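Structure first, commentary second.
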Amino acid sequence: MLILDGKKVALEETEKLKHRVSLLKNKPKLGIIQVGNLSESNKYINNKINKANEIGIISEWIKYDKNISEKKLLSEINNIKNNFDGLIVQLPLPSHINKQLILNSIDLDKDIDGLSEKNMNNFYNDIQPNFCPATARAIFLLLESYKVNLNQNIMIIGESNLVGKPIKKLLSKFAKNIESRNKESGIAGSNLFDILVVAIGDPNFIKSKDVKQNSIIVDVGITITKNNEILGDVDFNDVKDKVFAISPVPGGVGPLTVICLLKNLIDKLESVL
């Protein structure tokens, strides 16, 4: 069984990005907006800032109280947006704030997360400029790095705007056949597909019976249990002797998601040189 090692690929990509940043006239500036103080969000933001600093990107963590009003948050974003080359809104947001409204307030040329409606419309319709959502780009980069033949039968399990829909868009250009399902509609026939990409947020949901012999599995899901155990959507131990290759959790797609976020920022700056 081949492990699709995202940590290894991330180290290689980090060196490439350091070189690309060194060629820019000015250091890129990244702003990360957080509302509240969720511990998981803090962890993810720290990972982004540490990687940005390592590559040579100036980053700033902008924190707002969890009780900030939607109107005030929109005003704050408008006031700071010109200070940065790229802006990220760390999700989730408090329930009283309209997530999509806030994401849509990020200017298209700074929306390196690629989650505004305008960016998604451009992305799905191949209109420039657009940013590929980072997790989808990370999945593609992982498969590309291991030279996986994408001209096969592919199933995407999970149809979120963050992962499932954009990765289907990317892979559809290469796949022999591609289908997407969600947990609610059922995954019957998943064991007939050569490549499975699973992103549903349900730990150990995919078992050996659900995968094809010698298939390739990309596990995007990550759940932290009450015992602080980190689990993916695929039952790794149950499928490992049946599949040809699988991405681990942690250490698969995750490390490359941050890399691809920063790739989006650097791509943008190189395009305007």
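The values are calculated or read from the model by the stated rules, or taken from the named source; none is laboratory data. Fair warning: this is a prediction, and the values are worked out from it, not measured in the lab. Reconstructed Cβ throughout: ideal geometry from the backbone, glycine too, with neighbour counts over all protein chains shown.
Values for this structure:
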read-out	value
Flag for Ser39 being outside the structural domain of Val163 (by TED's automatic domain parsing), more than 19 Å from Lys263 (Cα to Cα), surrounded by fewer than 17 Cβ atoms within 10 Å (Cβ to Cβ) and more than 22 Å from the chain's Cα centre (by Cα)	no
Residue in segment 153-168 that is surrounded by 15 or more Cβ atoms within 10 Å (Cβ to Cβ), in contact with a Gly (Cβ under 8 Å, 6 or more places away or on another chain), in a helix (DSSP H, G or I) and not aliphatic (A, V, I, L, M) present	yes
Subset of segment 116-147 [hydroxyl-bearing (Ser, Thr, Tyr) and in contact (Cβ under 8 Å) with a residue 40 or more places away in the chain]	Tyr124, Thr135, Ser145, Tyr146
Residues that are among the hydrophobic types (A, V, I, L, M, F, W, C) and either outside any loop (DSSP other than H, G, I, E, B) or surrounded by fewer than 22 Cβ atoms within 10 Å (Cβ to Cβ) (or both), drawn from segment 111-127	Met120, Phe123, Ile127
Residue satisfying condition, being farther than 30 Å from Gln213 by Cβ and without any contact (Cβ under 8 Å) to a residue 60 or more places away in the chain, within set Glu60, Glu40	Glu60
Residue match in segment 210-219 (condition: farther than 23 Å from Pro250 by Cβ, in contact (Cβ under 8 Å) with a residue 24 or more places away in the chain and among the aliphatic types (A, V, I, L, M))	no
Phe131, sole failed condition from (1) part of a loop (DSSP other than H, G, I, E, B); (2) in contact with an Asp or Glu (Cβ under 8 Å, 6 or more places away or on another chain); (3) within 25 Å of Tyr64 (Cα to Cα)	(3)
Residues within segment 226-261 that are in contact with a helix residue (DSSP H, G or I) (Cβ under 6 Å, 6 or more places away or on another chain) and either of a type outside the set (Ser, Thr, Tyr) or farther than 14 Å from Phe140 by Cα (or both), tallied	12
Test for Lys226: is it free of Cβ contacts under 8 Å to residues at least 12 places away in the same chain, in the same structural domain as Lys183 (by TED's automatic domain parsing), over 30 Å from Pro129 (Cα atoms) and of a type in the set (Lys, Arg)	yes
Flag if Ser116 is under 27 Å from Ser69 (Cβ atoms), among the hydroxyl-bearing types (Ser, Thr, Tyr) and within 15 Å of the chain's Cα centre (by Cα)	yes
Count of residues meeting criterion [surrounded by fewer than 18 Cβ atoms within 10 Å (Cβ to Cβ) and of a type in the set (A, V, I, L, M, F, W, C)] in segment 128-147	0
